[in-house]
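Enquirer: Below is one structure. I have some questions about it.
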Amino acid sequence: MVQAETGQAETAAVKSGLRARMRAERLAYAAVAPPIIPPREFLDKVQPTSVVASYVAMADEADPGLLTLAAHQAGCQIALPHITTRAAPMRFLAWLPGAPLVDGPFGLRQPPADAPALSPDIILTPLIAFDRQLNRLGQGAGYYDRAFAALAAVLRIGVAWSIQRAEAVPVDPWDVPLHGVIDEYGWNGPEPR
């Protein structure tokens, strides 16, 4: 038990250092970063019956706006995360591009609480860092990992800039890897292990 706790503490420390370094790199790159264009691999995955959960980029996060618009134009329903408290699970609520949003915790822009809840087929997720094995380092609150665990069949796609790729992202037992990452150069799929 002590050994497991020591391992988790070491992983937490490595994650913290990687978050700090990648946030600084992302902030520097955000001002000059090109837009993220929907790659063919993403467009092939969106169907008119799909529910695509996206997000509204905050500060220096990679903006999924063009991906969201492409999914909407393909006939998909769009959902955005809705958060109330740190302990409550994240919900995905219906949203039409351009519709008003409300302020949420942590500086989030989200649909109003009375918007219909949707169960996504595809989740576009922000991240701090990712690696070639498609491990994802998020903000650290665990909202997306808990959503991924509850929605095991969902297609998990990170949205990032290429500078956010790390040599290796440390993982804990509860971390859920992605199926792909879209950056300014296109689709990043899994690499052989």
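Enquirer: Does Trp187 satisfy the criteria of being in contact (Cβ under 8 Å) with a residue 24 or more places away in the chain and under 14 Å from the mean Cα position of the chain (by Cα)? Steps first, answer last, please.
Expert: On the way: in contact (Cβ under 8 Å) with a residue 24 or more places away in the chain: yes; under 14 Å from the mean Cα position of the chain (by Cα): no.
No: the conditions fail for Trp187.
Enquirer: If I filter the range 60-75 down to residues being among the hydrophobic types (A, V, I, L, M, F, W, C) and without any contact (Cβ under 8 Å) to a residue 40 or more places away in the chain, which single residue comes out as surrounded by the fewest Cβ atoms within 10 Å (Cβ to Cβ)?
Expert: If we filter the range 60-75 for residues that are among the hydrophobic types (A, V, I, L, M, F, W, C), which is where we start, we get 62, 66-67, 69-71, 74.
Okay, now just the ones that are also without any contact (Cβ under 8 Å) to a residue 40 or more places away in the chain, so 66, 69-70, 74.
On the way: Leu66: 13, Leu69: 15, Ala70: 18, Ala74: 15.
Per the criteria, the residue is Leu66.
Enquirer: Would you point out which residue out of Ala79, Ala57 is open to solvent by less than 30 Å² (accessible area, probe 1.4 Å), among the small types (Gly, Ala, Ser), modelled with pLDDT of 95 or more and touching a Pro at 6+ places or on another chain (Cβ under 8 Å)?
Expert: Ala79
Enquirer: Here's a follow-up. In the range 102-113, what residues are more than 18 Å from Asp60 (Cβ to Cβ) and surrounded by 15 or more Cβ atoms within 10 Å (Cβ to Cβ)?
Expert: Answer for the range 102-113, where residues must be more than 18 Å from Asp60 (Cβ to Cβ) and surrounded by 15 or more Cβ atoms within 10 Å (Cβ to Cβ): Gly104, Gln110, Pro111.
Enquirer: May I pose another question? Only helices (runs of 4 or more DSSP H) wholly contained in the range 1-110 count here; list those with 3 or more residues that are more than 18 Å from Thr125 (Cβ to Cβ) and charged (D, E, K, R).
Expert: Values: elements: 2-30, 40-43, 65-73.
Where helices (runs of 4 or more DSSP H) fall fully within the range 1-110 and carry at least 3 residues being more than 18 Å from Thr125 (Cβ to Cβ) and charged (D, E, K, R), they are 2-30.
Enquirer: With Ala160, Ala166 as the choices, which residue is in contact (Cβ under 8 Å) with a residue 60 or more places away in the chain and under 15 Å from the mean Cα position of the chain (by Cα)?
Expert: Values: Ala166 fails: under 15 Å from the mean Cα position of the chain (by Cα).
Step by step, each of Ala160, Ala166 is checked, and only Ala160 is in contact (Cβ under 8 Å) with a residue 60 or more places away in the chain and under 15 Å from the mean Cα position of the chain (by Cα).
Enquirer: Could you please give the count of residues in the range 111-169 that are among the aliphatic types (A, V, I, L, M) and in a strand (DSSP E or B)?
Expert: Residues that pass the stated criteria total 9.
Enquirer: Separate question: Report whether or not Gly98 is without any contact (Cβ under 8 Å) to a residue 12 or more places away in the chain, surrounded by fewer than 16 Cβ atoms within 10 Å (Cβ to Cβ) and at positive phi. Working first, answer last.
Expert: Working: without any contact (Cβ under 8 Å) to a residue 12 or more places away in the chain: yes; surrounded by fewer than 16 Cβ atoms within 10 Å (Cβ to Cβ): yes; at positive phi: yes.
Criteria met by Gly98.
Enquirer: Continuing with the same structure: If you scan the range 116-161, which residues turn out to be small (Gly, Ala, Ser), open to solvent by 40 Å² or more (accessible area, probe 1.4 Å) and on the phi < 0 side of the Ramachandran plot? Let's see the steps before the verdict.
Expert: Within the range 116-161, the subset small (Gly, Ala, Ser) is 117, 119, 129, 138, 140-142, 147, 149-150, 152-153, 158, 160.
Narrowing the set further to residues that are open to solvent by 40 Å² or more (accessible area, probe 1.4 Å) leaves 117, 119, 140, 149-150, 152-153.
Selection gives Ala117, Ser119, Ala149, Ala150, Ala152, Ala153.
Enquirer: Something else now. Could you say which residue among Val102, Val51 is modelled with pLDDT of 95 or more, more than 18 Å from the chain's Cα centre (by Cα), β-branched (Val, Ile, Thr) and farther than 30 Å from Glu167 by Cβ? Explain how you work it out, then say what you get.
Expert: Numbers: Val51 fails: more than 18 Å from the chain's Cα centre (by Cα).
The match here is Val102.
The values are calculated or read from the model by the stated rules, or taken from the named source; none is laboratory data. Worth saying up front: this structure is predicted, and the values here are computed from it rather than measured. Cβ atoms come from the backbone with ideal geometry, glycine included; neighbour counts cover every protein chain shown. What goes into the accessible areas is simple: the full protein's heavy atoms, side chains included, and nothing from ligands, DNA or RNA. Shrake-Rupley method; radii C 1.70, N 1.55, O 1.52, S 1.80 Å.
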